[in-house]
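What follows draws every value from the coordinates through simple rules; no lab data is involved. Quantities reported herein were computed from a predicted structural model and do not represent experimental measurements. FYI the Cβ positions are ideal-geometry reconstructions off the backbone, even for glycines, and counts take in every protein chain you see.
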Amino acid sequence: MGPERRRVLGLAREAEKLLGAADPKLAMGERLVRDLLRDGFQPIVFCRYVATAHYVGEELARRLAGVRVVVVTGELPAEERAARVEALGQEPRRVLVATDCLSEGINLQQHFDAVVHYDLAWNPTRHEQREGRVDRYGQPSPTVRTALLYGQDNVVDGVVLKVLLRKADTIRKTLGVSVPVPVDTNAVLEAIFEALFLRPNAPPEQLSLFFDEEEERVNRAWEAATEREQRTRTVFAQHGLKPEEVAGELEAAASAVGTGQDVERFVVEACARLGAPLARNGQSWQLDPTRLPRAVVARAGLVEDGRAIKLAFALPVPGDVRYLARTHPLVEALASYALDTALSEPERAIASRCAGIRTRAVAQRTVLLLLRARFLIEELRGQEVFPMLAEECLLAGFRGDPGAPTWLEPAEVDLLVQAEPSANVVPGQAQHWIRQVLEGRGWWAQVGELAQQRAEELLAAHRRVRAAANLRGVRYRVEPHQEVDLLGLYVLMPHL
């Protein structure tokens, strides 16, 4: 056995003596977590290594009575990670111990409001990503607390703090944005480890000189990266973009995406039609997931433990209430189920592709159409053409004779989508109304004009945004596909 291997094994044996009660770092981490729990916080403890996460999680679970501790690492598939986090979020007192597999790609602000960096990340961006999972839009707690755990006499921690973390913080405060580390941080730390552990007999002066040289090398790279970022921000300065020039596009995008009220109306009605009506509970709703179809439960990743789920559609929400945005798995599961059954299994459908109702919202026969149009968007740069295919669902409507319709303005259509029935209609009568509209095909000839009008709107929007951004040498062409799909037809008849 070589001397280096013997030394490493010796270090490992020394480290094993620090396990459990003799581990000062773990004792400090436990104290931090206890303080956070005592102050009403729900913390996440981030560790760099999988083995460390399991070790810390097991020790905290043993030491913290009445607290649910769960470990989540990259060993688990993404779906199981999300399920474990969601299940833990229902516990009144909870601690999540995780590796950096949860530092990006998943929102944790709903169930946690504190971060403990048990291990210093060698990349400053990783610290921002960890805290950004908690300190973000939708965080119900007015205060988010973070703690950085490091050894005062730990040379490696000292280098990470001085050369990487604090330098990154200084640059961020100067520029207003983060600049990625311009060097291979693993290589820097490996060199430091080698100097400390594989050269045990090196004099202190030699080690000090080595650390100073490494710091100077990283500092030069930082300065060069900072200058490049400053030049880039000057070239691509956002102050040249006037908000009022793209406000229309932002409003159009928000309208297409939908509001919280739209999401709430959809979820409430969809659950009711599936036999799982939501019950009001103050500012929130309660859902019994066991009454939903299993396909929806499985796709949404819901836990069927007999407990009702509290839901809300506007922020902020209490810690025991789930905020349902448009992209929440439950909303997506309900939407997918509604679409799939409407198109392929009409006997189970909760969404009707055709319907006829009587309503006080109209004074004469009015027809609403759900259309799907496709557009070819071509970006022209010099002689090169870059094609893109876009697909969009359109809502349109008309009133009066289907052979000579009077088309509605978009604002009228948006209001009529929310029209509610005011009287019962026998199936045969509704079918007769729908048949009359389908046979009076004069309106269908004008649907292509709607698609062409939408293509012109898209082209104008592209031009406005590019002009506002002062992008030159780029042209666009938008052409609608000849065929437009009719996805839904709904006849609104006046109340008698």
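Side notes on the structure shown:
- In this structure, Ala22 and Leu161 have a Cβ-Cβ separation that, at R0 = 22 Å, corresponds to a calculated FRET efficiency of about 0.30.
- Size of electric dipole in the range 340-465: Cβ of Lys, Arg +1 and of Asp, Glu -1, about Cα centre, debye, nearest 20: 380 debye
- Projecting the Cα positions of Gly403, Tyr476, Pro494 onto the charge dipole of the range 354-494 (unit charges on Cβ atoms of Lys, Arg, Asp and Glu, taken about the Cα centre) puts Tyr476 furthest along the positive direction.
- Relative exposure of Ser422, Ser344, judged by other C-beta atoms within 10 Å (fewest first): Ser344, Ser422
- Dipole moment magnitude, nearest 20 debye, the range 417-493 about Cα centre, only Lys, Arg, Asp, Glu C-beta charged: 560 debye
- Pairwise FRET efficiency - Arg48 versus Arg220, Cβ, R0 = 22 Å, nearest 0.05: 0.25
- Cβ-based exposure ranking for Phe386, Phe112, Phe41, Phe398, in which fewest neighbours within 10 Å come first: Phe386, Phe41, Phe398, Phe112
- Label-to-label distance for Glu91 and Arg353 is 4.8 nm, based on points extended 7 Å past Cα in the beta-carbon direction.
- Taking every C-alpha pair closer than 8 Å and separated by at least 6 residues, the mean separation divided by the residue count of the range 257-348 gives a relative contact order of 26 percent.
- Dipole magnitude of the range 257-348 about its Cα centre (Cβ charges: Lys, Arg +1; Asp, Glu -1), debye to nearest 20: 160 debye
- Gained length - Glu409 relative to Leu76, 0.36 nm times residue gap less alpha-carbon distance: 114.8 nm
- Of the trypsin sites (Lys or Arg not before Pro) found in the range 388-486, those in coil by DSSP whose Cβ has at most 10 other Cβ atoms within 10 Å are Arg441, Arg472.
- Cα centroid of the range 294-333 to Cα centroid of the range 26-75, whole Å: 26 Å
- The range 1-136: relative contact order in percent, alpha carbon pairs under 8 Å with at least 6 residues between: 28 percent
- Contact order normalised by residue count of the range 409-496, Cα under 8 Å, 6+ apart, percent: 37 percent
- For the range 354-494, the Rg and Dmax computed from alpha carbons only, in angstrom: 18.8, 61
- Model label points for Thr327 and Arg360, set 7 angstrom from Cα along the Cα-to-Cβ axis, are 4.1 nm apart.
- Normalised size of the range 257-348, defined as Cα radius of gyration per 2.2 N^0.38 Å with N residues, equals 1.04.
- FRET efficiency, Leu380 to Glu251 (Cβ-Cβ, R0 22 Å, nearest 0.05): 0.20
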